[in-house]
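The values are calculated or read from the model by the stated rules, or taken from the named source; none is laboratory data. Note that the structure is a prediction, hence the values are computed from the model and not measured. All Cβ positions, even for glycine, are placed from backbone atoms using ideal geometry, and neighbour counts span all protein chains on display.
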Amino acid sequence: MMELLMKLNKKLNLTLLAGALTGLMASQAHASAISYALDQTNVPGLADGVPYLTVTIEDAVYSSGHGIFRYTDANAIKFTVDIVSGFDSNGWRKYSDFGIESFGFNFAKGATTRLKEANIVPRSLEIDVDLNDIRFNGFGKFDASISVKDSYFYSGKAVDPLVFYVIGVDDDTVQDYVASSVGGASQGNAYFSALVNGFGKSYGSYYYGKGGKDDFGYFGGSTQLPTGEPAPVPLPGAVWLFGAGLMGFLRFKRNII
């Protein structure tokens with residue numbers, strides 16, 4: 001009887017240890033999100049240092065289609081580009097077509113290079129992936145750009161917010177899409193840039209703006225914002241191997257106790 005109790009106690013201790021390791025390992029797979037402010041601009045009369053837009057990149061699940069044609073990616077990356085301030089104060093106003101017309105981002109050095117236009121959805125967007133070769137005026141060259149199409153499938157429509165997903169790329173993380181632009185940049189290189197359309201001074205009309213008054217402009221930034229969740233701390237590879245080995249050992253022990 002004593003020997004049986006000792007075996008059961010040892011099994012319980014190992015099970016508790018395995019449970020703790022499993023929880024620790026699972027914590028590395030929790031959804032993560034990072035946000036940045038676009039607080040620089042090339043528009044005369046608009047001050048730098050104002051968070052005009054925010055960019056949030058987060059883990060997400062993407063699904064589309066129905067029945068046997070349904071596609072789901074449980075490891076998708078979601079982008080949300082949102083206009084937050086600065087366009088309806090101090091003499092500026094927003095017009096009826098106000099919004100984000102295009103958005104540029106980069107791939108981190110050493111991150112996946114397998115991303116193609118087909119990996120970005122929805123298909124209603126105009127997508128261009130061309131490493132270090134997509135210019136956003138004042139903020140350098142970017143790896144990818146997202147533009148919004150109108151009802152005639154031409155780019156040039158503006159939306160707020162702009163939401164899209166990266167799908168079908170194995171093992172990518174939110175950090176894989178945070179990197180600086182390259183090349184000449186009069187406003188400074190940035191992680192992200194956006195073209196915003198449909199705003200101007202309140203004393204001018206939209207058509208007056210077209211005649212020479214700014215009614216669009218580029219915004220960029222690399223300022224990280226707090227997201228309310230701690231960044232996950234990577235576990236050493238040995239811990240992962242030990243955890244996997246321990247769980248395998250427990251399965252073996254279960255058969256002999």
*Tell me, which residue of the stretch 101-122 that is within 16 Å of the chain's Cα centre (by Cα) and of a type in the set (A, V, I, L, M, F, W, C) is modelled with the lowest pLDDT?*
111
*Quick check, is residue 253 closer than 24 Å to residue 103 by Cα and at pLDDT below 85?*
no
*Yes/no for residue 68 being β-branched (Val, Ile, Thr), assigned by TED's automatic domain parsing to the domain that holds residue 123 and surrounded by fewer than 13 Cβ atoms within 10 Å (Cβ to Cβ)*: yes
_Could you check the stretch 196-232 and list, in sequence order, the residues that are in contact with a strand residue (DSSP E or B) (Cβ under 8 Å, 6 or more places away or on another chain), at pLDDT below 85 and assigned to a loop (DSSP other than H, G, I, E, B)?_
202, 213, 214, 215, 227, 229
*Scan the stretch 135-165 residue by residue and report those that are at pLDDT 90 or above and of a type in the set (S, T, N, Q).*
137, 145, 147
*Residue check, residue 116 against (1) within 20 Å of residue 189 (Cα to Cα); (2) without any contact (Cβ under 8 Å) to a residue 40 or more places away in the chain, all met but one. Which one?*
(1)
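May I ask you to verify whether residue 168 is at positive phi, in the same structural domain as residue 106 (by TED's automatic domain parsing), crowded, with 19+ Cβ neighbours inside 10 Å and modelled with pLDDT of 55 or more? Spell out the reasoning first.
Details: at positive phi: yes; in the same structural domain as residue 106 (by TED's automatic domain parsing): yes; crowded, with 19+ Cβ neighbours inside 10 Å: no; modelled with pLDDT of 55 or more: yes.
No.
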*Which condition does residue 132 not pass, out of (1) surrounded by fewer than 20 Cβ atoms within 10 Å (Cβ to Cβ); (2) within 22 Å of residue 62 (Cβ to Cβ), if it passes all the others?*
(2)
*May I ask you to list pairs of residues, at least six apart or on different chains, whose Cβ atoms are under 9 Å apart, with the first in the stretch 74-88 being in the same structural domain as residue 98 (by TED's automatic domain parsing) and free of Cβ contacts under 8 Å to residues at least 60 places away in the same chain and the second being of a type outside the set (A, V, I, L, M, F, W, C) and assigned to a loop (DSSP other than H, G, I, E, B)?*
84/51; 84/52; 85/51; 85/52; 86/51; 86/52
